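The structure appears right after this line, and notes come after that.
The values are calculated or read from the model by the stated rules, or taken from the named source; none is laboratory data. All values reported here derive from a predicted model rather than from experimental measurement. Cβ coordinates were reconstructed from backbone atoms using ideal geometry, including for glycine residues, and neighbour counts include every protein chain displayed. Protein only, heavy atoms only, side chains kept; ligands, DNA and RNA dropped before computing areas. Shrake-Rupley method; radii C 1.70, N 1.55, O 1.52, S 1.80 Å.
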Amino acid sequence: MAVIVALGAFLMTLAGGWTAQRVTDRRHLVLGLAGGLMLGVVGLDLLPEALHAAGNELFGVPLALLLFVGGFLVAHVVERVLAVRQAAHGAEDGGRVPQVGLTAAAAMVGHSLADGVALGAAFQVGGGMGLAVALAVLTHDFADGFNTYTLTTLYGNDRAKALKMLFADAVAPVVGAASTLLFTLPEEPLGAYLGFFGGVLLYLAAAEILPEAHHEHPALSTLMCTLGGVAGIWLVVGVAD
């Protein structure tokens, strides 16, 4: 059953990517929506789940929050290092670094893989839990596909690379769900991963996606797309719970 639902997630991910590429004439709206979706996923989905699962504290601070800050800083350092290397090789200062987009998309693929594992584990617990997680994964993966395609192209990668990353992101939950037939991922490492990944996503949303969305089109419609993205994730989380 988990694998069947994961196949639905495969289609939802592709649908999200297809939507992102079909509205290129409204790129600022796409970026505004992507930023809202990412912010909602981090604040309303990933962090609460990470805090619940990771559990442990280090010097009075929950491990999930430490990894969240660490993920934010790692994303910042990686982008700066790649930008410096690109500038040293004669690239235009301030230009987008394609490797950052590919790295971010690869992180999205890893997250989708974890979604598949969570889906399989939920069905092992029981049918009710499995259906609740299935609803969250199906709707969440539409946003994942949307963000994967948007992130890849935002940093200057061509359409072919973006489609490859989108397909990898679509396949990932199927692989993750199928893997639970062989093993189950412990809760604490999963929580730690979610905290770190949340920090990476927040950096990309706050430092890259949203500023780019409002750079040339500081319109109310862009802001409304961002708010709509957050509200959409809130609705998904609320229904799933």
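Computed from the Cβ-Cβ distance with R0 of 30 Å, the FRET efficiency linking Glu188 to Trp234 stands at 0.70. Length available on full extension from Leu11 to Lys161: 0.36 nm per residue minus the Cα-Cα distance, which gives 52.1 nm. Label-to-label distance for Met1 and His52 is 1.9 nm, based on points extended 7 Å past Cα in the beta-carbon direction.
Estimated from the Cβ-Cβ distance and a Förster radius of 51 angstrom, the FRET efficiency linking Leu181 and Arg80 is about 0.75. Accessible surface for His76 stands near 80 Å², nearest 10, in the context of the full protein assembly shown (1.4 Å probe).
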